[in-house]
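Read through the structure below, which is laid out as structure tokens, and then see the notes.
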């Protein structure tokens with residue numbers, strides 16, 4: 001009898017210990033912004049000045065995380081003989097050599113978002129090449145759907161690490177490059193539409209612990225949120241754990257709304273741009289917001305080229321959501337310090353004006369106000 005009691009107590013203690021450990025499990029995710037291997041990067045590699053991997057060699061340590069995700073802005077295809085463009089009136093078309101995928105592997109990316117306004121720059125040949133290249137290199141992708149309807153549900157990316165199951169959905173909220181041409185091809189970008197997104201999210205919530213939504217949204221080079229972005233956040237935040245933004249080419253603010261973290265824009269992780277204007281601010285806001293805009297503009301005046309600066313953000317999740325207190329300081333009760341790194345483009349001069357585009361570390365901390 002005594003042996004039975006001891007065995008029962010031991011089993012109970014083991015179960016309790018397991019339960020505590022399961023509750024304490026967490027997963028770290030690093031998020032990167034827009035990546036393009038097109039244009040100047042392609043020509044620098046083609047001319048023999050550098051390799052695709054060199055763009056990231058100085059920052060690989062920053063991707064020491066359980067999961068790494070970024071936005072792949074340039075689809076893969078035959079750059080020397082590109083397929084037909086879907087919209088010839090679009091001012092910018094991006095296309096990258098599939099061999100650039102090696103640089104994504106160097107960063108140990110687990111997944112990329114393809115829901116952006118350049119995934120469908122060219123016909124289905126390029127889009128299919130992109131998903132096939134990623135699949136062949138064990139990189140998952142979100143933000144792609146099939147059929148000729150503008151608003152169609154997508155297959156989410158599901159990743160399980162440390163006993164935590166994460167679901168990732170991605171949507172493009174732009175007209176040009178997304179909504180206005182989605183019905184022209186069978187494969188294409190998942191376009192944001194409130195009813196479709198909420199349906200996707202609610203269905204996904206039944207099978208995962210954490211939901212992360214990537215949104216390609218907003219006006220380029222703007223810092224303050226538009227009314228549309230505010231509406232999207234209000235609609236989504238009760239159902240998701242993180243909203244990660246891209247497209248605006250410069251780092252934007254990040255904040256909490258209840259238990260959901262919103263990162264408005266990560267900026268250009270690797271997206272060389274020339275003669276970029278200073279950050280702009282929306283004008284359809286109240287007086288208090290305009291005052292904040294003036295203050296933020298003073299800070300950005302120090303940046304020579306705002307689009308050359310991006311931020312990486314590392315978040316910790318457990319089964320309940322973002323682990324907010326992990327980085328809380330004892331001094332600032334209303335301010336949260338999270339793992340965030342600002343990086344910028346260093347154009348390494350070679351000769352005769354040729355250069356490589358290399359990402360290097362700028363600074364290593366930022367603060368975020370708890371909303």
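The values are calculated or read from the model by the stated rules, or taken from the named source; none is laboratory data. The model shown is predicted, which means the values in this text are computed figures rather than measured ones. Every residue, glycine among them, receives a Cβ derived from its backbone with ideal geometry; neighbour counts consider all protein chains shown.
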Open item on the list: Please determine whether any residue of region 132-140 is touching a strand residue (DSSP E or B) at 6+ places or on another chain (Cβ under 6 Å) and farther than 22 Å from residue 65 by Cβ.
Closed with: yes
Task: Hits in region 228-259 (condition: crowded, with 21+ Cβ neighbours inside 10 Å, in contact (Cβ under 8 Å) with a residue 60 or more places away in the chain and part of a strand (DSSP E or B)) - done: 242, 244, 246, 251, 254
TODO: Go through (1) touching a strand residue (DSSP E or B) at 6+ places or on another chain (Cβ under 7 Å); (2) part of a loop (DSSP other than H, G, I, E, B); (3) crowded, with 23+ Cβ neighbours inside 10 Å one by one and return the number of the condition residue 225 breaks.
DONE: (1)
TODO: Take residue 177 and decide whether it is assigned to a strand (DSSP E or B) and either within 20 Å of the chain's Cα centre (by Cα) or surrounded by fewer than 21 Cβ atoms within 10 Å (Cβ to Cβ) (or both).
DONE: no
TODO: Considering only region 188-200, state which residues are surrounded by fewer than 19 Cβ atoms within 10 Å (Cβ to Cβ), in contact with a helix residue (DSSP H, G or I) (Cβ under 9 Å, 6 or more places away or on another chain) and outside any loop (DSSP other than H, G, I, E, B).
DONE: 194, 198
- [ ] Considering every residue within region 27-47, establish whether at least one is assigned to a loop (DSSP other than H, G, I, E, B), out of contact with any strand residue (DSSP E or B) (no Cβ under 8 Å at 6 or more places or on another chain) and either surrounded by fewer than 23 Cβ atoms within 10 Å (Cβ to Cβ) or modelled with pLDDT under 90 (or both).
- [x] yes
Open item on the list: Every residue in region 157-170 that is buried (at least 21 other Cβ atoms within 10 Å of the Cβ) and either under 11 Å from residue 190 (Cα atoms) or over 19 Å from the mean Cα position of the chain (by Cα) (or both), please.
Closed with: 169, 170
TODO: Please work out which one of (1) in contact with a helix residue (DSSP H, G or I) (Cβ under 9 Å, 6 or more places away or on another chain); (2) under 22 Å from residue 250 (Cβ atoms) is the condition residue 62 fails and give its number.
DONE: (1)
- [ ] Within region 167-211, work out how many residues are within 19 Å of residue 243 (Cβ to Cβ) and touching a strand residue (DSSP E or B) at 6+ places or on another chain (Cβ under 7 Å).
- [x] 22
